[in-house]
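Student: Sending over a structure as structure tokens; questions will come in a sec.
The values are calculated or read from the model by the stated rules, or taken from the named source; none is laboratory data. Small disclaimer: the values here were computed from a predicted structure and weren't measured. Counting neighbours? That spans all protein chains shown, and the Cβs are built from the backbone with ideal geometry, glycine included. What goes into the accessible areas is simple: the full protein's heavy atoms, side chains included, and nothing from ligands, DNA or RNA. Shrake-Rupley method; radii C 1.70, N 1.55, O 1.52, S 1.80 Å.
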Amino acid sequence: MCKNASSFAQETSDTASYMKHGNGYIEQWGRKYANNTRVNFAIVFPNVCSYFNFIVERSESTDYGWHYYNTLSNSGCNVMSHGEKGLWFAMGF
């Protein structure tokens, strides 16, 4: 864990990590390994998750595929994708 006067970072597992800034802004990121999976954020956003993005990892070059998420909340969301795994990023306060 790194600490300074304005922010600190805490890695919580191999699938989710976060950085909490002194002004209350929180960034979280991680990896999901299966389709139709709930992404649980490393920590709950106290007020709002204002941004979420998911990127599918593919083993070959293709333009075929899809992904989407629903039920976004302060604690996570459901991710559905054609690919089996991917990376996610969330921001909020």
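Student: Would you tell me the accessible area of MET19, worked out with a 1.4 angstrom probe on the heavy atoms of the protein chains, in Å² to the nearest 10?
Tutor: 60 Å²
Student: Note down the net charge around ASN74, summing +1 for each Lys or Arg and -1 for each Asp or Glu among other residues with Cβ under 15 Å from its Cβ.
Tutor: +1
Student: Would you mind computing, in nm to one decimal, how far apart the modelled labels at ASN70 and HIS21 are, each placed 7 Å from Cα along Cα→Cβ?
Tutor: 3.3 nm
Student: Heavy-atom accessible area of ARG38 with all protein chains present, probe 1.4 Å, nearest 10 Å²?
Tutor: 90 Å²
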